[in-house]
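Enquirer: Take this structure, written in structure tokens, and hold onto it; I'll ask about it next.
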Amino acid sequence: KFASREFKKEDTVVEINGVKIGGGHFALMGGPCSVESEEMILETAKGVKKAGGQILRGGAFKPRTSPYDFQGLGEEGLKYLREAGDKYGLLVVTEVMDSKDIPLVAKYADILQVGARNMQNFSLLKELGQCGKPVLLKRGMSATIREFLMAGEYLIAFGNRDVILCERGIRTFETMTRNTVDINAIALIKEKSHLPIIIDASHGTGRKSLVEPITLAGIMAGADGAMVEVHNNPACALSDGEQSLDVAEFEKFAKKFFKLVELK
Ligand code: PEP
Ligand code: MN
């Protein structure tokens, strides 16, 4: 299997415009759940950059549980995200929910994200194999480690070698946290696969107070980086405000993140 250590012993390093992820290179991605306006993404991007983040995240096409919730700004959001990334020298990552939107999203983003709800959307994965851009593949909320790796396998088998995995928590019986971050999966995937894997403790825990400790635990388990939701004003966020750090909190967190990464 292409994603396995048996196929390739050395860690895959995904490199995008000088930013490397994997093989001892750690990446920090920060940004809002959703791009809500030009001003908010610019302000948040400024904070992400100041803290040392290399990649700006932000959703333009949002997979919301309720059809009545904010669905994202679509192409307008992609434009603002790109503008903010360019202004502050950050790469941008954003979710593509539908195969039909791949060319549009690829026009603006440096990394295309597959959301947890689409991890086994095999037609989307096949198309993304051919998209010409790196893909960040999030673990499905009830996917086994094997299913997760096989989803990554699809991307490689259909032509894309730049695959970054993301552990974002799985559904368990627990209700006090949004999901349960599977630290086992991070350590085991580093054994079984050469692909880089990052941790998303924002969606993994659903609680801003847990983002720092659980992200750092993920790094200790072997993660090659982290994705963190950051908002310039979390109290007014249109999605995932409870789990978003403000810019000052992100900066404090980032100091610890980079200190830990240096020790590795
Ligand atoms: C996201 O990162 O914006 C997101 C929706 O996360 P997930 O797919 O992991 O739920
Ligand atoms: Mn979110």
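Where a number appears in this text, it was derived from the coordinates with a stated rule and is not lab data. In this text the structure is predicted, and so the values were computed from the model without any measurement. Methodologically, a virtual Cβ is constructed for each residue, glycine included, from the backbone with ideal geometry; neighbour enumeration extends over all protein chains shown.
Enquirer: Distances longer than 15 Å among the Cα atoms of segment 79-177: what percent of all pairs is that? Working shown, then result.
Expert: Numbers: 2906 of 4851 pairs.
So the pairs more than 15 Å apart make up 60 percent of the total in segment 79-177.
Enquirer: Net charge within 14 Å of residue 188 by Cβ-Cβ distance, Lys/Arg positive one each and Asp/Glu negative one each, not counting residue 188 itself? Could you put the intermediate results ahead of the total?
Expert: On the way: positive: 5, 139, 146, 190, 192; negative: 147, 167, 182, 191.
Here the count lands on +1.
Enquirer: To continue, here is another question. How about segment 155-263: which chymotrypsin sites (Phe, Trp or Tyr not before Pro) there are in a DSSP loop, with at most 16 other Cβ atoms within 10 Å of their Cβ? Don't skip to the end; give the middle numbers.
Expert: Numbers: sites: 158, 173, 250, 253, 257, 258; in loops: 158, 173.
The qualifying sites are 158, 173.
Enquirer: While we're here: Tell me, rounded to the nearest percent, the portion of alpha carbon pairs in segment 129-196 spaced more than 14 Å apart. Working shown, then result.
Expert: Numbers: 1317 of 2278 pairs.
The proportion of pairs with Cα distances above 14 Å equals 58 percent.
Enquirer: For segment 180-240, which trypsin sites (Lys or Arg not before Pro) are in a loop by DSSP, counting at most 15 other Cβ atoms within 10 Å? Please report the intermediate quantities before stating the final value.
Expert: Working: sites: 190, 192, 207, 208; in loops: 207.
Passing both the DSSP loop test and the Cβ count: 207.
Enquirer: Per the Cauchy relation, a quarter of the hull surface: what is the mean projected area of the convex hull of the alpha carbons in the chain, in nm²?
Expert: Working: hull surface 49.1 nm².
Spelled out: convex hull of the Cα atoms, projected over all directions, averaged, 12.3 nm².
Enquirer: Still on this model: Report P(r) for segment 107-264: all Cα-Cα distances, bin width 10 Å, range 0 to the bin holding the largest distance, values in whole percent.
Expert: Result returned by the calculation: 11, 38, 36, 14, 0.
Enquirer: Moving to a separate point now. Residue 157: net charge of surrounding residues, Cβ under 12 Å, Lys/Arg +1, Asp/Glu -1, itself excluded?
Expert: Details: positive: 1, 126, 161; negative: 153.
My count for the surroundings of residue 157 gives +2.
Enquirer: Sticking with this one: Hey, fewest Cβ within 10 Å first, where do 189, 41 land in order?
Expert: On the way: 189 25, 41 31.
The order, fewest Cβ neighbours first, is 189, 41.
Enquirer: About the Cα centre of the chain, how large is the charge dipole given +1 on each Lys and Arg Cβ and -1 on each Asp and Glu Cβ? Please answer in debye to the nearest 20.
Expert: On the way: 35 positive and 35 negative charges, 128 e Å.
My answer is approximately 620 debye.
Enquirer: Over segment 179-246, what relative contact order in percent results from Cα pairs under 8 Å that are six or more residues apart?
Expert: Values: 104 pairs, mean separation 23.0, N = 68.
Value for segment 179-246: 34 percent.
Enquirer: May I pose another question? Counting other Cβ atoms within 10 Å, which chymotrypsin sites (Phe, Trp or Tyr not before Pro) in segment 48-119 have at most 11 and lie in a DSSP loop? Don't jump to the answer; show the numbers that get you there.
Expert: On the way: sites: 61, 68, 70, 80, 88, 108; in loops: 61, 68, 70.
Hits after loop and neighbour filter: 68.
Enquirer: Oh, and also: In whole Å, what are the Cα extents of segment 33-123 along the three principal axes, biggest one first?
Expert: Largest first, segment 33-123 extends 37, 26, 20 Å along its Cα principal axes.
Enquirer: Quick one: which of 6-15, 92-101 comes out on top by average Cβ neighbours within 10 Å, and what's the full order, highest first? Please list the in-between numbers first.
Expert: Values: 6-15: 14.0, 92-101: 20.6.
Per-residue Cβ counts within 10 Å, averaged per peptide and sorted highest first, yield 92-101, 6-15.
Enquirer: Here's a follow-up. DSSP H helices in the chain with Cα extent of 27 Å or more along the helix axis and mean Kyte-Doolittle hydropathy at least 1.6?
Expert: Working: long enough: none.
Helices meeting the criterion: none.
Enquirer: What does the net charge come to around residue 166 if you take all other residues with beta carbon closer than 9 Å to its beta carbon, with K and R at +1 and D and E at -1? Walk me through the numbers on the way to the answer.
Expert: Details: positive: 138, 139, 168; negative: 167, 200.
Result for the local shell: +1.
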